[in-house]
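One structure is given here, and the rest of the page talks about it.
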Amino acid sequence: MSPAPTPLGVAVVGHSFMGKAHSNAWRNVSAFYPDVPPVARRVLVGRDAARVGEAAHQFGWEETETDWRRVLERDDIQVVDVCTPGHLHYEIALAALEAGKHVLVEKPLSNSTSEAERLVEAAASARARGVQSMVGFNYRRVPALELARSFVAEGRIGAVREIRAAYLQDWLADDQAPMTWRLRREQAGSGVLGDLGSHVVDLLRFLTADDISWVEGHLATFVPTRPGADGPEQVTVDDAAWALLGLTGGAVASVEVSRMAFGRKNGLRLELYGSRGSLTFDLERLNELWVDTGDGGTRVLVTEPHHPYLDAWWPPGHVLGWDHTFTTQAAEFLHAIGTGTAPTPSFEDGLAVQQVLDAVERTAADRHETISAS
Ligand code: SOE
């Protein structure tokens, strides 16, 4: 019997919601994807020693650290996974790549196009040294969405003409919902546009294999102040955003994103209309894909072993959830590291998304026209 391969040491920076989602993925990946390089959960990093200690205990990390820089000095860490608020992505990812670590960055890649451009350069030179990087657009790993991508590529719905995309949550619908870093421009870069709009723009590019060629946007901040730790604090980002996007293949997409849509907890709905049929997906029913090719439509329950990613999981009908997407994402990243191939979504994909988000903001500021009642 050949000796077991040495596991890759992983460090996750950040231990809140996304840090936990990623921790869960690192905990499960070697068990469900035995063919990719195994991992050791070495260090969970966070500034608050007590809170990071609790999260590390919960998810089985070997150690904790309060300064991410110390992790980069260690020889037993090969993978750094950045799950911090957006304003820290750039500095940590850049330093990690320069230290020779494979880097996974939670979406959006960065808070600005200029930062994303610099990260793309750093990732390209790291790639030449065999160091891989990837952006955490986890919805690419939803089996039904990968199936939808393949159906579009095979021409099952013909040429895509129109896309309707809405990603709606409601955790900010209450005016008294407290201030968070996600509502401060200096930390989050933008509001729902970057948080949920980045997923949508990435999925449009992923599903169609097109780029975005033109943009018209509109942003709204409905609740300008929120209760902060020291009294009312100004919200400096958008609460809701809308955009019309032109795709290089000729399709037009209407996009709506909000965190103030009462009743929608994590509703991501995508409708693609082509010259021969349509595809419909709703994250609240993520194991299903609706396919209509003029025959009245069919619901495909995407749980068969031949469906994307399903062979790693349960028998038919034993549905997957949101958390599986992060485990599959980790597996894809490890597969790329193991085979020395560049994973997707790449930092180039992260930059392309950031450019669209920035264009939405610019057009939202420029193109507003008031029509007065006569
Ligand atoms: C919060 O709006 C959030 O956690 C996003 O940041 C994630 O990317 C999304 O998957 C779920 O909602």
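The values are calculated or read from the model by the stated rules, or taken from the named source; none is laboratory data. Model, not experiment: these values are computed from the prediction. In this analysis, Cβ positions are derived from the backbone assuming ideal geometry, glycine residues included, and neighbour counts consider all displayed protein chains. The protein model used for the area step is the full one, side chains on, heavy atoms only, and it has no ligands, DNA or RNA in it. Shrake-Rupley method; radii C 1.70, N 1.55, O 1.52, S 1.80 Å.
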Conditions: (1) over 19 Å from Gln187 (Cα atoms); (2) under 18 Å from the mean Cα position of the chain (by Cα). Glu121 meets all but one. Number of the miss? (2)
Expected single match for of a type in the set (Phe, Trp, Tyr) and over 23 Å from Phe32 (Cα atoms) among Phe326, Phe347 is Phe347
With the structure loaded, tell me whether Val29 is open to solvent by less than 30 Å² (accessible area, probe 1.4 Å), part of a strand (DSSP E or B) and among the aliphatic types (A, V, I, L, M) or whether it fails that test. no
Are any residues in region 226-247 within 16 Å of the ligand (Cβ to nearest atom), in contact (Cβ under 8 Å) with a residue 60 or more places away in the chain and assigned to a strand (DSSP E or B), and if so, which ones? Ala241
When you scan region 54-75, do you find a residue that is open to solvent by less than 10 Å² (accessible area, probe 1.4 Å) and more than 21 Å from Ala123 (Cβ to Cβ), even just one? yes
For region 248-288, name all the residues that are open to solvent by less than 10 Å² (accessible area, probe 1.4 Å), over 18 Å from Arg299 (Cβ atoms) and away from the ligand (no atom under 15 Å from the Cβ). Ala251, Ala253
Qualifying residues in region 184-199 (those that are closer than 29 Å to Arg164 by Cβ, more than 11 Å from the ligand (Cβ to nearest atom) and part of a helix (DSSP H, G or I)) - the one least open to solvent (accessible area, probe 1.4 Å): Leu193
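Take the residues of region 41-53 that are out of contact with any Leu (no Cβ under 7 Å at 6 or more places or on another chain) and among the aliphatic types (A, V, I, L, M): which is surrounded by the fewest Cβ atoms within 10 Å (Cβ to Cβ)? If you could, list the steps in order and put the result at the bottom.
Taking region 41-53 as the starting set, the residues that turn out to be out of contact with any Leu (no Cβ under 7 Å at 6 or more places or on another chain) are 41-51, 53.
From the residues that got through so far, the ones that are among the aliphatic types (A, V, I, L, M) too are 43-45, 49-50.
Working: Val43: 24, Leu44: 32, Val45: 28, Ala49: 11, Ala50: 8.
The qualifying residue surrounded by the fewest Cβ atoms within 10 Å (Cβ to Cβ) is Ala50.
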Flag if Trp314 is under 14 Å from the mean Cα position of the chain (by Cα) and surrounded by fewer than 16 Cβ atoms within 10 Å (Cβ to Cβ): no
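When only residues in region 289-298 that are of a type outside the set (Phe, Trp, Tyr) and in a strand (DSSP E or B) count, which is least open to solvent (accessible area, probe 1.4 Å)? Lay out the reasoning, then the answer.
Looking only at region 289-298, we keep the residues that are of a type outside the set (Phe, Trp, Tyr), and these are 289, 291-298.
If we keep only those that are in a strand (DSSP E or B) as well, we get 289, 291-292, 298.
On the way: Leu289: 2, Val291: 19, Asp292: 52, Thr298: 65 Å².
That would be Leu289.
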What helices (runs of 4 or more DSSP H) completely inside region 35-131 contain at least 1 residues that are of a type in the set (Phe, Trp, Tyr) and either modelled with pLDDT of 95 or more or in contact with an Asp or Glu (Cβ under 6 Å, 6 or more places away or on another chain) (or both)? 49-59, 68-72, 89-98
Could you list all residues from region 325-342 that are open to solvent by less than 30 Å² (accessible area, probe 1.4 Å) and either within 16 Å of the ligand (Cβ to nearest atom) or within 15 Å of Tyr139 (Cα to Cα) (or both)? Thr325, Phe326, Thr327, Thr328, Gln329, Ala330, Ala331, Phe333
